1. How would you rank 6-19, 190-203, highest first, on the average number of other Cβ atoms within 10 Å across their residues?
2. Only Lys, Arg, Asp and Glu count, each charged at its Cβ (+1, +1, -1, -1), so figure out the dipole size of the chain about its Cα centre, rounded to 20 debye.
3. Among Thr90, Gly299, Gly196, pick out the residue whose Cα is farthest towards the positive end of the charge dipole of the chain, where Lys and Arg carry +1 and Asp and Glu carry -1 on C-beta, about the Cα centre.
4. I want the local charge near Arg30. Using Cβ-Cβ distances under 13 Å, sum +1 for each Lys or Arg and -1 for each Asp or Glu among the other residues.
5. Keeping all protein chains in place and using 1.4 angstrom, which order do Cys253, Cys182 fall into by accessible surface area, from largest down?
6. What three numbers, in Å, describe the spread of the alpha carbons of the chain along their principal axes, ordered from the longest?
7. How much net charge surrounds Val256 when only other residues with a Cβ under 15 Å from its Cβ are counted (Lys, Arg +1; Asp, Glu -1)?
8. In the full protein assembly as shown, how much of Leu292 is accessible to a 1.4 Å probe, in Å² to the nearest 10?
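The values are calculated or read from the model by the stated rules, or taken from the named source; none is laboratory data. Being a predicted model, the structure only gives us computed values, none of them experimental. All Cβ positions, glycine included, derive from the backbone under ideal geometry; neighbour counts span all protein chains shown. Ligands, DNA and RNA are excluded from the accessible area calculation, which covers all protein heavy atoms including side chains. Shrake-Rupley method; radii C 1.70, N 1.55, O 1.52, S 1.80 Å.
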Amino acid sequence: MRFQLTEDQRALRSGVRELLARRFGPEQLRAAVEAPGRLDAGLWRELGEAGFFALRLPESEGGVGLGLPEAVLAFEEAGRALLPGPLVATHLAAAEVPGAATGETVVTDVGGCGLVEWLSAADVVRGDDAGAVPLRSVDPLTPLHRVPGTPPSPWAAEAPGADPAAVLLTAAEQLGSATRACELAAQHARTREQFGRPIGAFQAVKHLCAEMLVRTETARAAVYAAAVTADPADIDTARLLADDAAVCGARDCLQVHGGMGFTWEFEVHLHLKRAWVRTHRTNHATESEERLAAELLAGSG
């Protein structure tokens, strides 16, 4: 069975990539890192005008009228560009919160782990954020607050289940980061020379790049398939594979770059830090693992 993007889907992906390259390229990324916690309201509105937040709203309600597969492609590009902000929360609120679909309103939510992203920049918070206290985030482009109290274990019966769409769109962002890390590693391996040869000629570096590609493409197949089926088990699988591809891929990319990958001039370390933060969004990966384990046990019975 062949699974290929349609011409319209490829055009959508290209359009989002071009928009982000123009409005959030390397210079804007560096500027955002140097001024953490500030959300570009103009960029947010431009995303709204382009239909980023209203992709899945019916045309009769002022949306684009597309589906989950198209939203996954857009969020993959956002992850690739390290676009900051509560993108998933605002997208999911497009049908309910006035102004969210057009980018006039920034929406965030209280995650299953009690974490709130971009609380100070949000106009609307979904969930109870009473008493939220700021945390020092490992990712300079994702300010965090934690709601007091110990949330239930993410695999406990009383734990609220995460919105499957939020899980999948987060996986799409992770896929975008994994793809970009793979590109950066391959580019550096071709151009960086040691002992008179590109470092990509050495077997150890070849293996790192090959493993990154395998993880990324495996995650891509899972994420795209879950976008089509919308099956909860497929979404959980996609989330686990995308988390692994993003975190391990960024680590391997750092290894290929050596010490330069940790400097502020390079974006590699930012992909690792963002990937770490995303793994704690929409509860925790353990919830997906437990659901998949329960389904396997039920199926074997």
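1. Numbers: 6-19: 14.6, 190-203: 12.1.
Packing order, densest peptide first, comes out as 6-19, 190-203.
2. Computed charge dipole of the chain: roughly 1120 debye.
3. Toward the positive end, the furthest listed residue is Gly196.
4. Every neighbour counted, the sum reads -4.
5. On the way: Cys253 0, Cys182 25 Å².
Greatest to least solvent exposure: Cys182, Cys253.
6. 59, 54, 45
7. Local net charge: +2.
8. For Leu292, solvent-accessible area is about 40 Å².
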